[in-house]
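All remarks here apply to the structure that follows.
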Amino acid sequence: MTPSVSSAKIIKIGSQGQENVPDLVAIEEPLEIRLGIGPVDKREQISLSVTMRTPSHDKELTLGFLFAEGIISSMDEINSVEYCAAIKQEEEGNVLRVELSPTVLVNEAKLSRHFYTSSSCGVCGKTSIEAIKVPIPDYPEQFIKIEASLICKLPELLEDAQKVFEHTGGIHACGLFDNEGNLLKLREDVGRHNAVDKLVGALLLKKELPSSQSIMVLSGRISFELVQKAARAGIQFIAAIGAPSSLAIDMAKKHHITMVGFLKNSSFNIYSGSERIVSKD
């Protein structure tokens, strides 16, 4: 498995003064995503995106990104996902090529905007407001009920499962839980958006979408783009340790998503979909 953690020599300042000590940090490296498109007798390659990520689950990250951006809608549209071999030595393990089915029609003009995805802000450089939006399938609304006391336990359950965070303290997580608090899947990355893409990609690979009977728990804040990714995946319950943005709230309401923020072990705020939350108080 590709390492997600690297060692570093640091100078630590504390009550005992200054000391040289080893430390562990989360790895951040670029991943280039290339697409193979077109009919069998006239294949083309497009360099679609460069994303700054923590190496691990790269294929899931790539598939989740393509799904979240509306470029693909199922694994039936994918022929293969493989690391490129004919590249520079320093790029090894950092370039993935996805071969789309010849039947998949791709708007090359739309894709030529060249996504750049940073680990801090998600997808940057889209050339219009309209380009930010992606189509959301019309999934049936699910009315799963979740006890408020269980929701308060989710941050601790998420942190207990974060192996890379345990060693570095510098990485985001996206966890998927059932309505009894059982962890279904967890993915980590230096980027909040990447962690969600990895998780959605894992669901796509297993053909477990839509995931309407689960709770997505985020280690950070809730942005519009993260809600949009969840909506694309059919996830109808989002809980986060951080705060939501105004657009995130609007999108959650539009797609009937229950959204909880400022989640702690004793309290949380409900921004939409309160009917799914059961309180015994």
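Brief remarks follow.
- Any pair with Cβ under 7 angstrom, 6 or more apart, that starts in segment 139-150 at a residue that is in a strand (DSSP E or B) and ends at one that is among the β-branched types (Val, Ile, Thr) and surrounded by fewer than 15 Cβ atoms within 10 Å (Cβ to Cβ): Ile146/Val278; Glu147/Val278
- Candidate set: segment 34-71, residues that are free of Cβ contacts under 8 Å to residues at least 60 places away in the same chain and in a helix (DSSP H, G or I); chosen: the one surrounded by the fewest Cβ atoms within 10 Å (Cβ to Cβ): Asp58
- Residue in segment 186-201 that is modelled with pLDDT of 95 or more, among the acidic types (Asp, Glu), touching a helix residue (DSSP H, G or I) at 6+ places or on another chain (Cβ under 8 Å) and buried (at least 16 other Cβ atoms within 10 Å of the Cβ) present: yes
- Counting residues in segment 166-178 that are under 12 Å from Leu218 (Cα atoms), at pLDDT 90 or above, among the β-branched types (Val, Ile, Thr) and out of contact with any Pro (no Cβ under 6 Å at 6 or more places or on another chain) gives zero.
- Positions within segment 73-103 being of a type outside the set (A, V, I, L, M, F, W, C) and under 21 Å from Pro3 (Cβ atoms), in sequence order: Glu82, Tyr83, Lys88, Gln89, Glu90, Glu91, Glu92, Gly93, Asn94
- Residues in segment 212-257 that are free of Cβ contacts under 8 Å to residues at least 40 places away in the same chain and part of a strand (DSSP E or B) were compared, and the one that is nearest to Lys133 (Cα to Cα) is Ile222.
- Considering segment 225-279, and only residues there that are touching a helix residue (DSSP H, G or I) at 6+ places or on another chain (Cβ under 9 Å) and acidic (Asp, Glu), the residue that is farthest from Pro140 (Cα to Cα) turns out to be Glu225.
- Any chance Leu100 is in contact with a helix residue (DSSP H, G or I) (Cβ under 7 Å, 6 or more places away or on another chain) and either assigned by TED's automatic domain parsing to the domain that holds Glu188 or surrounded by fewer than 18 Cβ atoms within 10 Å (Cβ to Cβ) (or both): no
- Selection status of Thr127, assigned to a strand (DSSP E or B), farther than 15 Å from Gly38 by Cβ, at pLDDT below 60 and not aromatic (Phe, Trp, Tyr): no
- Members of segment 72-97 that are among the aliphatic types (A, V, I, L, M) and either loosely packed, with under 14 Cβ neighbours inside 10 Å or at pLDDT below 90 (or both): Ala85, Ala86, Ile87
The values are calculated or read from the model by the stated rules, or taken from the named source; none is laboratory data. Please read these numbers as outputs of a predicted model, since none were measured by experiment. No Cβ is skipped: glycine too gets one built from the backbone with ideal geometry, and neighbour counts run over all protein chains shown.
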